[in-house]
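In what follows, a single structure is set out as structure tokens and then discussed.
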Amino acid sequence: MTNSTILANPVQTPEVAPATIAVRPRRILSRESFGDLTFRRAAFGAGIITVAIMLAVGLFLSLRAANALGTVGWAFLAIQEWSPETNTFGVAAILFGTVTIALIALVVSVPLSIGTALLLAEVVQGRLRALLVSLVDLMAAVPSIVFGLWGVYYLQGAIIPAAKWISIWFGWLPFFAVTDAEGRPFTEASAFTSSAFIAGIVVGLMVVPTQTSIMREAFARAPIGEREGAFALGATRWGMITSVVLPFGKGGMIGGTMLGLGRALGETIAVYMIISPIFTINWQVLKTGTNSVSALIALRYGEASEFGLSALMAAGLVLFALTLVINFTASTIVAKSRSGAESDD
């Protein structure tokens, strides 16, 4: 048989119908270890307890504030007076002072915190870094009353010349003007004491250690590969920091800033020792007189009647709600800009 015969008569193979096989997904069974199970349940329980405590605090404040809020209604947020005895009280001026002090604190603390965190994470090395990190962490444990005493007996007198200089050269801005009721500028030193400016500086220095610790941890976790890549492309140290470290630590900077803001909004003793309480909105941050919700509660709690205590609880409820809004907003921002999620090319 020749090759041509074979090619002309190929071997005919019978067609076989494929067998019908039922395809079922394989079940993968894994037994969770005792340690993993314990950790998962403990973490879940801790989260539930934390949320329950927050809800309990909000419920407690709401119940205790119901009497006062039922008396004045929504006007509680607009009245610039605090006289529960005459049913005329509100948190407009107090809340304005609270936010003003907190914003001044952030203006002071955020640049210091970012600079200190970059110094500890990128510049100093070895034992010096360990020493400076320990000092910054220890500063976070200093009691508030110590900062308050320092602010009253040292900073207040030392800052008056700087406050006068700001008022003279930048007094054309309403926030930095220091005037009397007729619009004439004040020059006496007594007009610059016990102000929101001084209280904000003290509170800002108080929150610097906390913000610095969070930002330093975020900066220190910047990928080594991206750092070395930036240097290999000819970047300077500052160029590497701006292109790699700062974008990577964006979430840490936002989180640290918001945590400091929450601490500044609720600070009590230091603010209480420095400010001169008033119940009108003071737009001039360098001028004597401001107030805060926490300082008001500390000042009036001991002498308050039952209705007055309900009014204080209403003020605390407003501060509690404001803090929750800020924290939830910060959490949303951090979740959308997580550290390491992106960095510049």
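The values are calculated or read from the model by the stated rules, or taken from the named source; none is laboratory data. Since we're looking at a predicted model, the values are computed, not measured. Glycine gets a Cβ as well: all are built from the backbone with ideal geometry, and neighbour counts include every protein chain shown.
Assorted remarks:
- Selection status of residue 145, surrounded by fewer than 20 Cβ atoms within 10 Å (Cβ to Cβ) and either modelled with pLDDT of 90 or more or of a type in the set (A, V, I, L, M, F, W, C) (or both): yes
- Tallying residues that are at pLDDT 90 or above and among the aromatic types (Phe, Trp, Tyr) within the stretch 288-340 yields 2.
- Elements of type helices (runs of 4 or more DSSP H) in the stretch 213-328, at least 1 residues being in contact with a Pro (Cβ under 7 Å, 6 or more places away or on another chain) and in contact (Cβ under 8 Å) with a residue 24 or more places away in the chain: 293-300
- Among residues of the stretch 168-197 that are of a type in the set (S, T, N, Q) and assigned to a strand (DSSP E or B), none has a beta-carbon under 6 Å from a residue that is buried (at least 16 other Cβ atoms within 10 Å of the Cβ) and at pLDDT below 85 at least six positions away or on a different chain.
- Test: residue in the stretch 109-130 that is in a helix (DSSP H, G or I), farther than 25 Å from residue 255 by Cα and touching a residue at least 60 places away in the same chain (Cβ under 8 Å): no
- Checking residue 240 against (1) aliphatic (A, V, I, L, M); (2) over 25 Å from the mean Cα position of the chain (by Cα); (3) surrounded by 18 or more Cβ atoms within 10 Å (Cβ to Cβ); (4) closer than 23 Å to residue 148 by Cβ, the condition it does not meet: (4)
- Checking each residue in the stretch 58-103 for being in a helix (DSSP H, G or I) and polar (S, T, N, Q) picks out 62, 67, 71, 86, 98, 100.
- Scanning the stretch 162-185 for residues that are farther than 24 Å from residue 98 by Cβ, among the aromatic types (Phe, Trp, Tyr) and buried (at least 16 other Cβ atoms within 10 Å of the Cβ) gives no hits.
- Pick from the stretch 186-212, criterion β-branched (Val, Ile, Thr) and out of contact with any Leu (no Cβ under 7 Å at 6 or more places or on another chain), ranking: surrounded by the fewest Cβ atoms within 10 Å (Cβ to Cβ): 187
- The stretch 101-119, subset in contact with an Asp or Glu (Cβ under 9 Å, 6 or more places away or on another chain) and within 21 Å of residue 194 (Cβ to Cβ), residue surrounded by the most Cβ atoms within 10 Å (Cβ to Cβ): 101
- Residue identified as buried (at least 24 other Cβ atoms within 10 Å of the Cβ), modelled with pLDDT of 90 or more and within 23 Å of residue 173 (Cα to Cα) among 271, 285: 285
- Inclusion of residue 133 among residues that are under 24 Å from residue 246 (Cβ atoms), buried (at least 20 other Cβ atoms within 10 Å of the Cβ) and β-branched (Val, Ile, Thr) is not warranted.
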